[in-house]
Structures are given as structure tokens and as C-alpha cells.
Amino acid sequence: MDQIIALVFIGLLVYFVVKVGSFLWRIAGVLFLLFILYTYKDQMISNLQSFMSSPDFGGLWQQATNFVSNLWQKVVGFISI
């Protein structure tokens, strides 16, 4: 689940870096993106190798649906306060 959150965060980071348009923000965003990729590169490589050796789309789908349902429950709980 952490990998999905990291991918979403990286995707949003790339989107906002491009949309902001400021040269300094783009440089800062790209440097931060490179830092995140460098930090998690070993974990990403091992997860990718594990997935390539035995792809489990059912497990991936189950993790994604659990994540979305938990996130939805948190949002509903926050709104109903």
C-alpha cells in the first residue's frame, strides 16, 4: 500500500511541478523527485522483480480495493464529524 501512496504522491508532484511553471519550482520539484526515486530505488527494484517473477494481479487488485475502501471510510468519517 505504501508503494501506491508513493506513486500517487510522485504523480501529483510531477503534475504540480509542471503546472506551477516557475523555473525555481521546477528545479526544486525535479530534485525532490530524484531524491525520492534514489531513496526508494532498492525497494522499487525488488518489488518489480518479485512481481515479474510471479505476477499476482488478483492480489494487486485486492490491495488497491482495500486501500480505496479504507480511504473512503476515512473521508466519510472525517466529513460526518
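The values are calculated or read from the model by the stated rules, or taken from the named source; none is laboratory data. Just so we're clear, the structure is a prediction, and the values are computed from it rather than from any experiment. Counting neighbours? That spans all protein chains shown, and the Cβs are built from the backbone with ideal geometry, glycine included.
Only a single criterion out of (1) part of a helix (DSSP H, G or I); (2) modelled with pLDDT under 85 is not satisfied by residue 55, namely (1).
Go through region 6-36 and give me each residue that's among the aliphatic types (A, V, I, L, M) and touching a residue at least 12 places away in the same chain (Cβ under 8 Å).
In the first step, residues of region 6-36 are kept if they are among the aliphatic types (A, V, I, L, M); the result is 6-8, 10, 12-14, 17-18, 20, 24, 27-28, 30-31, 33-34, 36.
Of everything in region 6-36, those that are among the aliphatic types (A, V, I, L, M) and touching a residue at least 12 places away in the same chain (Cβ under 8 Å) turn out to be 6, 10, 13, 14, 17, 30, 33, 36.
Look at (1) in contact (Cβ under 8 Å) with a residue 40 or more places away in the chain; (2) touching a Leu at 6+ places or on another chain (Cβ under 9 Å); (3) of a type outside the set (Ser, Thr, Tyr) and you find that residue 67 fails only one, number (2).
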